[in-house]
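Visitor: One structure is given below, represented as structure tokens, and several questions about it will come after.
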Amino acid sequence: MKKLWLMYGDYILFILILLIKLIVVGPATNTYFGVNLFFVSLGALILISFWSLWISPRVRRWILFYLSILLTILIASNIWYYRYFTDFLSVALIIQIPQMGAVGGGLEDLIYPADFLLFADTFIWGALLLKDRKRRFSDYPAKKRSKSAFVALAAGAVLFFTPLVINAADRDEWLVQDSLSNMRNYFKTGMLGHHVLDIGRELDDQFFEEKTLTSLQLREMQQFFDSNRGSSEEAVIDGQPNVIVIQLESFQTSVIDQEIDGQELTPFLNDYKEEVMYFPNFYHQTHQGRTSDAEFMLNTSFYPLKAGSVYTRYPDHSYDSLPEKMEAEGYETAAFHAFERTFWNRDDVYENFGFDHFYSIKDFPEGDVIGLTLNDEDFFLSSVDRMMEMSDPFYAFMVALTSHTPYDFPDEKKELNLDSIDEEIIQNYYHNIHFVDQAFGALINKLKDEGIWDDALIVAYGDHDSGLQEPGRDMAEMAEAESAVDYLNLGRKVPLFMKLPNMSEGEVMEQTGGQVDIAPTILSLLGLDKGYMMGESLLSDDPRLTVFRDGSYIYDGYYYEADLTSERENGNCYSLESEELTDKENCAPMLYEAASHLRMSDTIIKKNAVGQLKGESIEE
Ligand code: GP9
Ligand code: MN
């Protein structure tokens, strides 16, 4: 036994410690960790390290030490990333690293002190290695070493593949089809398995993906778009109004009408919603690309990708974009975002979408900075000045940025007393929201003063949630969130306001919908065909399908929460009204449809296929 320990002790310790770390991912991210994950994780650890047994123990100890540091960094990064994105990292994000600075601003909220325990063993191990540097280790013959490596390889393979073969026999789709979400891959193949699969898929996409649609795909897609044209009875507005779209950063519905100690967080928007059409049942559908995903949906009506952002992965692909369609009708188009031009590749993407102008930070006068850049009030007001130089009719797309994580907010601008909230970051989020509400008010007043308001179509919505609403946190407690539907409302609902030309009275629009539906709504109001867009007008009375990137969806009063740990059929179906779990039959009609929307969207994006659908020949 002692001999065994002397020969393999380091290896056994390496496997045990990393296995514990992989198990800890479960509680650290509040996700499921079961027997299946245990075996695939153990198997995968052996599979990526068995070769070290070939090497003499003296050198091997150092190799295992470095390998363990690398794996620990990977595990910790996945945990931190998960806490904001409820997803694991993918290689596609590497090209997104330049954008991580902005997202990373909220890191201190995602890293808990206890996480550093993950690195504790590394220090102990490192210290021991250094202390023993001079000691001689008994070596053992190379032949024996290769035998142990082979035994480990075989054991690793059995441990890793047995659960997968059992799953495959259970007719799981992931082995034959690319899965819809990273987390589904994780629950099947473990964290290391997920990364290997992810890298494999990415290489396959980059180097072997056939860019031409098959005739079957073409037929299915044409059929989908033909039946998705929308009805002719929808409201149409006269003439060619100016169209102004305002995307608000991290702006979730829960803040609307919310009062803290008698103070309204959004006094302006609370009144504004009485003047315009307000959609309280509207959801964000963004994923890893966050702001860029929301912008992408707004301008193309396709879904975000499962990994990375379309803006960084396929910035030059073409769509039936909103600016292009408007331009064809004689509109002048402009995008406004007071940040660096190249962030999220916006300079290329906006041009590719067909915007005539892009006003970025260099085009705005200097003003107070809040968070990442120029504050929203100055941003909005200067944007209106730019708009007034444009010729009518125009389409202006504004992306606000003040209320961005980590939500730091200058003390001198704080107007609310939020002492009753414990978490400082949540207090700061509300200070930001209050400021943006007032900035939005200033924008609307200026539009009114300049005579732009009356005739214009004005759309405003939040890009995504604040990321601060997990169970146990102040925000969830204040909202008294308990059920899955409560968390859906807190984490997925963003407000949508739509002001039609010459609107005299507001209206609460109860229909459900998501960000892919905004462009089709605008086009339908203008009496234009939406062409190759996946969403549906929010003004039609038919129930519409709202799909989230993990395969969960909302349809006709029901919410289907996908269970990423098992087959698609095993999710939960909730009634939105009663918030109770209901019979799965209620959600069944869209079970396959929802997944096929995501797959179709992915295929069209990756194959740059809108042109092919229109019958254009493919340019290489
Ligand atoms: C910066 C902005 C960042 O331009 O897009 O917002 P995020 O993508 O992190 O939500
Ligand atoms: Mn954002």
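The values are calculated or read from the model by the stated rules, or taken from the named source; none is laboratory data. Since this is a predicted model, take the numbers as computed values, not measurements. With ideal geometry, Cβ positions are generated from the backbone for all residues, glycine too; neighbour counts draw on all protein chains shown. Accessible surface is based on the protein model in full, side chains and every heavy atom, while ligands, DNA and RNA are left aside. Shrake-Rupley method; radii C 1.70, N 1.55, O 1.52, S 1.80 Å.
Visitor: Looking at segment 235-253, I want the residues that are not assigned by TED's automatic domain parsing to the domain that holds K448 and have a partner that is within 13 Å of ligand 1 (Cβ to nearest atom) and hydrophobic (A, V, I, L, M, F, W, C) with Cβ atoms under 7 Å, at least 6 apart or on another chain. Which pairs are those?
Guide: Every condition considered, no pair remains.
Visitor: Considering only segment 344-375, state which residues are within 13 Å of ligand 1 (Cβ to nearest atom), of a type in the set (A, V, I, L, M, F, W, C) and surrounded by 21 or more Cβ atoms within 10 Å (Cβ to Cβ).
Guide: W344, V349, L374
One line per residue, one yes/no per condition, for (1) within 12 Å of ligand 2 (Cβ to nearest atom); (2) aliphatic (A, V, I, L, M); (3) open to solvent by 10 Å² or more (accessible area, probe 1.4 Å):
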site: P280; (1), (2), (3): no, no, yes
site: Q285; (1), (2), (3): no, no, no
site: A294; (1), (2), (3): yes, yes, no
site: L298; (1), (2), (3): no, yes, no
site: F302; (1), (2), (3): no, no, no
site: K306; (1), (2), (3): no, no, yes
site: T312; (1), (2), (3): no, no, yes
site: D316; (1), (2), (3): no, no, yes
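Visitor: Between a residue in segment 1-16 that is closer than 16 Å to D132 by Cβ and part of a helix (DSSP H, G or I) and any residue that is among the β-branched types (V, I, T) and open to solvent by less than 80 Å² (accessible area, probe 1.4 Å), which pairs come within a Cβ distance under 8 Å, given they are 6 or more apart or on different chains?
Guide: W5/I12
Visitor: Return the residue satisfying two criteria in turn: it lies in segment 562-587 and is in contact with a Phe, Trp or Tyr (Cβ under 9 Å, 6 or more places away or on another chain) and of a type in the set (G, A, S), and of such residues it is farthest from F187 (Cα to Cα).
Guide: Looking at residues that are in contact with a Phe, Trp or Tyr (Cβ under 9 Å, 6 or more places away or on another chain) and of a type in the set (G, A, S), I get S575.
Visitor: Applying the selection to segment 479-489, what residues are in contact (Cβ under 8 Å) with a residue 12 or more places away in the chain, surrounded by fewer than 22 Cβ atoms within 10 Å (Cβ to Cβ) and not small (G, A, S)?
Guide: V485, D486, Y487, L488
Visitor: Follow-up. Restricting to segment 215-228, name every residue that is more than 19 Å from K530 (Cβ to Cβ) and loosely packed, with under 11 Cβ neighbours inside 10 Å.
Guide: S215, L216
Visitor: A further question on this structure: Kindly provide the set of residues from segment 345-373 that are of a type in the set (A, V, I, L, M, F, W, C), modelled with pLDDT of 95 or more and within 16 Å of ligand 2 (Cβ to nearest atom), ordered by number. Spell out how you get there, then give the answer.
Guide: Initially, segment 345-373 is screened for residues of a type in the set (A, V, I, L, M, F, W, C), giving 349, 353, 355, 358, 361, 364, 369-370, 372.
Subsequent filtering for residues that are modelled with pLDDT of 95 or more retains 349, 353, 355, 358, 361, 364, 369-370.
Matches in segment 345-373: V349, I370.
Visitor: Restricting attention to segment 203-214, does a residue exist that is away from ligand 1 (no atom under 16 Å from the Cβ), closer than 30 Å to D454 by Cβ and of a type outside the set (K, R)?
Guide: No - not one qualifying residue is present in segment 203-214.
Visitor: Against the definition (away from ligand 2 (no atom under 16 Å from the Cβ) and in the same structural domain as E259 (by TED's automatic domain parsing)), how does H431 come out, yes or no? Please lay out each step first, then the result.
Guide: Values: away from ligand 2 (no atom under 16 Å from the Cβ): yes; in the same structural domain as E259 (by TED's automatic domain parsing): yes.
For H431, the condition - away from ligand 2 (no atom under 16 Å from the Cβ) and in the same structural domain as E259 (by TED's automatic domain parsing) - is met.
Visitor: Of the residues D529, D550, which single one is over 27 Å from Y331 (Cβ atoms) and open to solvent by 20 Å² or more (accessible area, probe 1.4 Å)?
Guide: Result: D550 is the single residue among D529, D550 that is over 27 Å from Y331 (Cβ atoms) and open to solvent by 20 Å² or more (accessible area, probe 1.4 Å).
Visitor: Kindly list the number of the only condition in (1) in contact with a helix residue (DSSP H, G or I) (Cβ under 9 Å, 6 or more places away or on another chain); (2) at pLDDT 95 or above; (3) open to solvent by 20 Å² or more (accessible area, probe 1.4 Å) that fails for A76.
Guide: (3)
Visitor: So, one more: How many residues does segment 192-234 hold that are part of a helix (DSSP H, G or I), polar (S, T, N, Q) and free of Cβ contacts under 8 Å to residues at least 40 places away in the same chain?
Guide: Total satisfying the criteria: 4.
Visitor: Does A338 count as within 14 Å of ligand 1 (Cβ to nearest atom), in a loop (DSSP other than H, G, I, E, B) and surrounded by 24 or more Cβ atoms within 10 Å (Cβ to Cβ)?
Guide: Yes; evaluated as a whole, the condition is true for this residue.
Visitor: Which of the residues belonging to segment 43-58 are open to solvent by 30 Å² or more (accessible area, probe 1.4 Å) and either outside the structural domain of P163 (by TED's automatic domain parsing) or at pLDDT 95 or above (or both)?
Guide: Kept after step one, since they are open to solvent by 30 Å² or more (accessible area, probe 1.4 Å), are these residues of segment 43-58: 47-48, 50-51, 54-55, 58.
Once the filter is applied, which keeps residues that are open to solvent by 30 Å² or more (accessible area, probe 1.4 Å) and either outside the structural domain of P163 (by TED's automatic domain parsing) or at pLDDT 95 or above (or both), segment 43-58 yields L47, I48, F50, W51.
Visitor: Let me ask something else. Tell me yes or no: at least one residue of segment 568-588 is touching a residue at least 24 places away in the same chain (Cβ under 8 Å), closer than 30 Å to T214 by Cα and surrounded by fewer than 16 Cβ atoms within 10 Å (Cβ to Cβ).
Guide: Among the residues of segment 568-588, not one is touching a residue at least 24 places away in the same chain (Cβ under 8 Å), closer than 30 Å to T214 by Cα and surrounded by fewer than 16 Cβ atoms within 10 Å (Cβ to Cβ), which makes the answer no.
Visitor: Only residues that are in contact with an Asp or Glu (Cβ under 9 Å, 6 or more places away or on another chain) and within 16 Å of ligand 1 (Cβ to nearest atom): list them for segment 235-288, please.
Guide: Residues satisfying the conditions are Q247, L248, E249, S250, F251, Q252, H284, Q285, T286, H287, Q288.
Visitor: If you scan segment 84-113, which residues turn out to be part of a helix (DSSP H, G or I) and at pLDDT 90 or above? Show your work before the answer.
Guide: First, pick out the residues of segment 84-113 that are part of a helix (DSSP H, G or I): 84-85, 91-104, 107-110, 113.
Across segment 84-113, the qualifying residues are V91, P113.
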